Every structure is written in structure tokens, then in C-alpha cells.
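Single-structure report; data block below.
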Amino acid sequence: MYRSGRTAVWSAGLFVLLVAVVLTSAALGPVRIDVVTVAMAMLNAVVVPVGVTSSSASLPVLGVSVPTPGLEYATVFSFDVPVTHQIIVKDIRLPRITLAATVGLSLGAAGTVMQGFFRNPLADPSIIGVSSGAAAGAVAAIVFPGLIPFGSLHVSAFLGALATAFLVYAIATEGGRTPVATLLLAGVAIQTFLGAMISYMLVHSGDSLRQAVYWMMGHLNNSQWGDVGFALPVTLAGVLALCAFRQELNVLLLGEEDAHHLGVEVERTKLLLLVLASIVTAAGVAVAGVIGFVGLVVPHIMRLIVGPDHRILLPTSALAGASFLVATDTLARTGPAVVPVGIITAALGAPFFLFLLSRREVHSV
């Protein structure tokens, strides 16, 4: 009961912090908007389904029209907000901020799980090659669009990330067991190979070089509600599923043999944790590119604050990751020059991590 109360208090506090960061971020930009107006504009953007619509669509091959159902929405609030401010908040800033929170949520949760899974404070969401797989899929879609059977760069990056994760797992698994050390080494080897493939594609990228390199830096520019619709459902479902394994993560910290004696189905739990963490990471990387240090530094900070118990650490790290990425992306888009957010997270995360090392504040998980 005590642990549940601490989890609820910390989660509620971090959720309030996230709301405050979101409101502040939406108020900042070339056009400054007061926070009250921002809040009213956000509430005006809330809609609920009120009915079903029907339209027709033509099948591309047969040319036959088929009925396609849809939903009709209505707004819940109608505050008096200037039209210009409503458009700026709803259509320009809010999609980017929501996407930043979604990606931060995914990286914070996945980083916590990976550090607990590998019992290694240096682990992060990309440790088994998920980010490299997403980068390979995205660069391939950019450089050789005619060879990729997927119309969306997001889909190509997402599938590339998942394919890499399952390949690493298949290589590391033998006789129904997946040693953590072998999994780690397989991930390093696959990352190295994919790095070579990405370099090869960049050499032959021609006019697509700038777009490919910019994507690999990690950015949230030109974010749309469609990007949010792609990443948010997967991220929320994945993080909630990971939270269901918080107790198992605590037990796995004791070692696989002790975890087995305590009733944990070790190999099954490891597989589910890897699959869920890979899916959550893939959803974030697919829409934002490779954003480093969020999944490494944020779990460390929260571990120092709330302790190593994953029942508290996992949800708080996810919420803290969301606030951190929204804040850093605000800095990236409102500074003297607009830069990819991946540069900001690396520039802030690396020195802070070195500071923790110098203070001996980075402990084993």
C-alpha cells in the first residue's frame, strides 16, 4: 500500500509538471501567447465522436467504389480565442509538443526497462540495435524509395527497428535460452553491420543526403497530427504493458536463477520485455529519428530521486522523459537558430552524465 501511494504521488506530481511544461512550450515561439489563452485553445481542440459518416473510395486496381465508414466529431469547449492564436496552438505547436511528449514517454520507459533487463546502468533503448534498424529502414526509404514496398517513411523505420530486434533475439537464443551477455554482443555486432549499410546508402544518396542525415540527427520539425496518430497509440499501449511487468523487473535484478526460484518464468518474461521495449522504442524512433541520451540519462536521474524500485521508477521515468523532451525541443525551436532536438539532448545529456560519473552518482541498477 505504501509503494502504491508513493507511485501515485510521484506520478501525479510528474503529470502536473508535464502539463506545465506543455503549456509553457505552447506559449513560446515567434508569436508569444499567454498561458491562459494557450490552455483555452487546447481545450477548444478537444473533440468527441458524435456520429458515423459514410463516404465512398475507389479501389486502385479494380476501379470499384466501396463505402467507407468514418466518425463525425464535435468540439467540447468553445472559448473565445483569437483565430490566429487558435491555429498557431492547435495546428502548429500542439502536434509537435504532443509528439515530443510521446517520444519522450517511449524512450524514458524503454530505457528504464533496458537498464533493469541488462542490469547495466549504461544500457539504453538502442542497445539491441532498434535505433540502428530504424535508421537503416528510414535511410533506405529516403535514398531508394522505389525499392521499399512501404509508402511511409515511418512504416519503413518502424519495421526496420522491429526486424532488427527480432534478428538480434534470434541470433542470441539457443536451446530456448537467451543469455543476456550474448544478446548484448549480438546487438553490438548488428549495430556495427547496420552502420556500415547506412554509410553505404549515404554514399549513394545523391540529393537525398541532407534529408537522410537530418533524420538521423533526430528532429520534430514539421510534425503533424498524423505523426501523433502513428506513434501515440502504440506508445501508450506499450508503456502500460511494460508497467504490468514492474514486479518481474525487480525480481530479475536478483539474477535469473533466483528469479526462477521465486516463480518468475524467466525466458518468457525476458522475451515479452524485449518485444514490448522494442515496439515502444520503434514507435518513437520511427517518427522522430535517433534521439540520444533521453533513455539513458532520465532513468538515472529518477533512480537517484525515487530509488531503484521499478514499481515507482518505470512510470516516473516515462513521465519525466516526456517532460524532458518537450523542454529540450522547446529550446531547440526557440533558440537563436532552430536545430534538431537530438543535438540538444546530446549536448545536455553527455555533460550531465559525466557530472554524475564524477560525483560517483551512477550506480548499478
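Return only the number of the condition from (1) over 17 Å from the mean Cα position of the chain (by Cα); (2) open to solvent by 10 Å² or more (accessible area, probe 1.4 Å) that A320 does not satisfy.
Every condition holds for A320 apart from (1).
Quick check on my filter: what residues within the stretch 25-36 are part of a helix (DSSP H, G or I) and more than 21 Å from the chain's Cα centre (by Cα)?
First, pick out the residues of the stretch 25-36 that are part of a helix (DSSP H, G or I): 25-27, 35-36.
Within the stretch 25-36, A27, V35, V36 meet the criteria.
Output the residue which, of all residues in the stretch 196-205 that are open to solvent by 30 Å² or more (accessible area, probe 1.4 Å) and touching a residue at least 24 places away in the same chain (Cβ under 8 Å), is nearest to G146 (Cα to Cα). Steps first, please.
Here is the first cut: in the stretch 196-205, the residues open to solvent by 30 Å² or more (accessible area, probe 1.4 Å) are 196-197, 199-200, 202-204.
Still in the list and also touching a residue at least 24 places away in the same chain (Cβ under 8 Å): 197, 202, 204.
Numbers: M197: 18, L202: 16, H204: 14 Å.
Result: H204.
Can you confirm whether I142 is crowded, with 20+ Cβ neighbours inside 10 Å and part of a loop (DSSP other than H, G, I, E, B)?
Details: crowded, with 20+ Cβ neighbours inside 10 Å: yes; part of a loop (DSSP other than H, G, I, E, B): no.
No: the conditions fail for I142.
Of all residues in the stretch 242-263, count the ones that are in contact with a helix residue (DSSP H, G or I) (Cβ under 7 Å, 6 or more places away or on another chain), under 18 Å from Q115 (Cβ atoms) and of a type outside the set (D, E). Spell out the reasoning first.
Initial filter on the stretch 242-263 (in contact with a helix residue (DSSP H, G or I) (Cβ under 7 Å, 6 or more places away or on another chain)): 242-243, 245-253, 256, 259-260, 262.
With under 18 Å from Q115 (Cβ atoms) added as a condition, the list becomes 242-243, 245-253, 256, 259.
This time we only want the ones that are of a type outside the set (D, E), so: 242-243, 245-247, 249-253, 259.
Adding up the residues that qualify gives 11.
Of all residues in the stretch 259-298, which are under 16 Å from T345 (Cβ atoms) and either open to solvent by less than 10 Å² (accessible area, probe 1.4 Å) or among the β-branched types (V, I, T) (or both)?
As a first pass, look at the stretch 259-298 and keep what is under 16 Å from T345 (Cβ atoms): 281, 284-285, 287-298.
Hits for the stretch 259-298 are T281, G284, V285, V287, A288, G289, V290, I291, V294, G295, V297, V298.
Can you confirm whether the stretch 267-276 contains a residue that is in a loop (DSSP other than H, G, I, E, B) and either in contact with a Cys (Cβ under 8 Å, 6 or more places away or on another chain) or at pLDDT below 90 (or both)?
We begin by selecting, within the stretch 267-276, every residue in a loop (DSSP other than H, G, I, E, B); these are none.
Looking for residues that are in a loop (DSSP other than H, G, I, E, B) and either in contact with a Cys (Cβ under 8 Å, 6 or more places away or on another chain) or at pLDDT below 90 (or both), one finds none in the stretch 267-276, hence no.
Has the stretch 225-236 got any residue that is open to solvent by less than 40 Å² (accessible area, probe 1.4 Å), in a helix (DSSP H, G or I), modelled with pLDDT of 90 or more and closer than 28 Å to P179 by Cα? Break it down into steps so the answer makes sense when it comes.
First pass over the stretch 225-236, keeping only residues open to solvent by less than 40 Å² (accessible area, probe 1.4 Å): 227-228, 231, 235.
After this cut, where a residue has to be in a helix (DSSP H, G or I) as well, the list is 227-228, 231, 235.
Still in the running and modelled with pLDDT of 90 or more: 227-228, 231, 235.
Next cut, closer than 28 Å to P179 by Cα only: 235.
So far as the stretch 225-236 goes, yes, one or more of its residues are open to solvent by less than 40 Å² (accessible area, probe 1.4 Å), in a helix (DSSP H, G or I), modelled with pLDDT of 90 or more and closer than 28 Å to P179 by Cα.
Aromatic (F, W, Y), under 22 Å from W215 (Cβ atoms) and in contact (Cβ under 8 Å) with a residue 60 or more places away in the chain, is that true of F293? I'd like the intermediate steps shown before the answer.
Details: aromatic (F, W, Y): yes; under 22 Å from W215 (Cβ atoms): yes; in contact (Cβ under 8 Å) with a residue 60 or more places away in the chain: yes.
For F293, the condition - aromatic (F, W, Y), under 22 Å from W215 (Cβ atoms) and in contact (Cβ under 8 Å) with a residue 60 or more places away in the chain - is met.
Filtering the stretch 237-258 down to residues that are open to solvent by 80 Å² or more (accessible area, probe 1.4 Å) and assigned to a helix (DSSP H, G or I), which residue is farthest from G295 (Cα to Cα)? Break it down stepwise before answering.
From the stretch 237-258, those open to solvent by 80 Å² or more (accessible area, probe 1.4 Å) are 240, 247, 254, 257; that's our starting set.
Add one more test, that the residue is assigned to a helix (DSSP H, G or I), and what stays is 240, 247, 257.
Values: L240: 17, Q247: 20, E257: 28 Å.
This residue is E257.
Picking from A39, A74, which residue would you name as being modelled with pLDDT of 90 or more and among the aliphatic types (A, V, I, L, M)?
A39
I need a count of the residues in the stretch 97-140 that are farther than 16 Å from S317 by Cα and hydrophobic (A, V, I, L, M, F, W, C).
Pass one, the stretch 97-140, residues farther than 16 Å from S317 by Cα: 97-99, 118-120, 126-140.
From what is left, the residues that are hydrophobic (A, V, I, L, M, F, W, C) are 97, 99, 118, 127-128, 130, 134-136, 138-140.
Residues meeting the conditions: 12.
Against the definition (out of contact with any His (no Cβ under 6 Å at 6 or more places or on another chain), among the hydroxyl-bearing types (S, T, Y), closer than 30 Å to V38 by Cα and open to solvent by 10 Å² or more (accessible area, probe 1.4 Å)), how does T192 come out, yes or no? So that I can check it myself, show each step before the final result.
Details: out of contact with any His (no Cβ under 6 Å at 6 or more places or on another chain): yes; among the hydroxyl-bearing types (S, T, Y): yes; closer than 30 Å to V38 by Cα: no; open to solvent by 10 Å² or more (accessible area, probe 1.4 Å): yes.
Judged against the criteria, T192 is not a match.
Any idea which of L209, L167 is surrounded by fewer than 19 Cβ atoms within 10 Å (Cβ to Cβ), under 19 Å from G289 (Cα atoms) and either free of Cβ contacts under 8 Å to residues at least 60 places away in the same chain or of a type in the set (F, W, Y) (or both)? Explain how you work it out, then say what you get.
Details: L167 fails: under 19 Å from G289 (Cα atoms).
Checking each option against the conditions leaves just L209.
Tally the residues that are open to solvent by less than 40 Å² (accessible area, probe 1.4 Å), of a type outside the set (A, V, I, L, M) and assigned to a helix (DSSP H, G or I), restricting the search to the stretch 170-187.
1
Which one is farthest from V306 (Cα to Cα) among residues in the stretch 1-36 that are β-branched (V, I, T) and open to solvent by 40 Å² or more (accessible area, probe 1.4 Å)? Don't jump to the end; show me each part of the working.
First, pick out the residues of the stretch 1-36 that are β-branched (V, I, T): 7, 9, 16, 19, 21-22, 24, 31, 33, 35-36.
Filter once more, keeping what is open to solvent by 40 Å² or more (accessible area, probe 1.4 Å): 9, 16, 19, 24, 31, 35-36.
On the way: V9: 11, V16: 17, V19: 21, T24: 26, V31: 38, V35: 30, V36: 32 Å.
Among residues in the stretch 1-36 that are β-branched (V, I, T) and open to solvent by 40 Å² or more (accessible area, probe 1.4 Å), the one farthest from V306 (Cα to Cα) is V31.
Would you check if G195 is farther than 15 Å from A134 by Cα, within 22 Å of the chain's Cα centre (by Cα) and assigned to a helix (DSSP H, G or I)? Before the answer, list the steps.
On the way: farther than 15 Å from A134 by Cα: no; within 22 Å of the chain's Cα centre (by Cα): yes; assigned to a helix (DSSP H, G or I): yes.
No: the conditions fail for G195.
Could you tell me which of the residues Q115, Q86 is open to solvent by less than 20 Å² (accessible area, probe 1.4 Å) and not hydrophobic (A, V, I, L, M, F, W, C)?
Matching residue, one of Q115, Q86: Q115.
I need the full set of residues from the stretch 18-38 which are of a type outside the set (S, T, N, Q) and in contact (Cβ under 8 Å) with a residue 40 or more places away in the chain, in order please. Give the steps one after another, and end with the answer.
We begin by selecting, within the stretch 18-38, every residue of a type outside the set (S, T, N, Q); these are 18-23, 26-36, 38.
Across the stretch 18-38, the qualifying residues are L18, V21, V22, A26, L28, G29, V31, I33, V38.
The values are calculated or read from the model by the stated rules, or taken from the named source; none is laboratory data. None of these values were measured; they are calculated from a predicted model. With ideal geometry, Cβ positions are generated from the backbone for all residues, glycine too; neighbour counts draw on all protein chains shown. Protein only, heavy atoms only, side chains kept; ligands, DNA and RNA dropped before computing areas. Shrake-Rupley method; radii C 1.70, N 1.55, O 1.52, S 1.80 Å.
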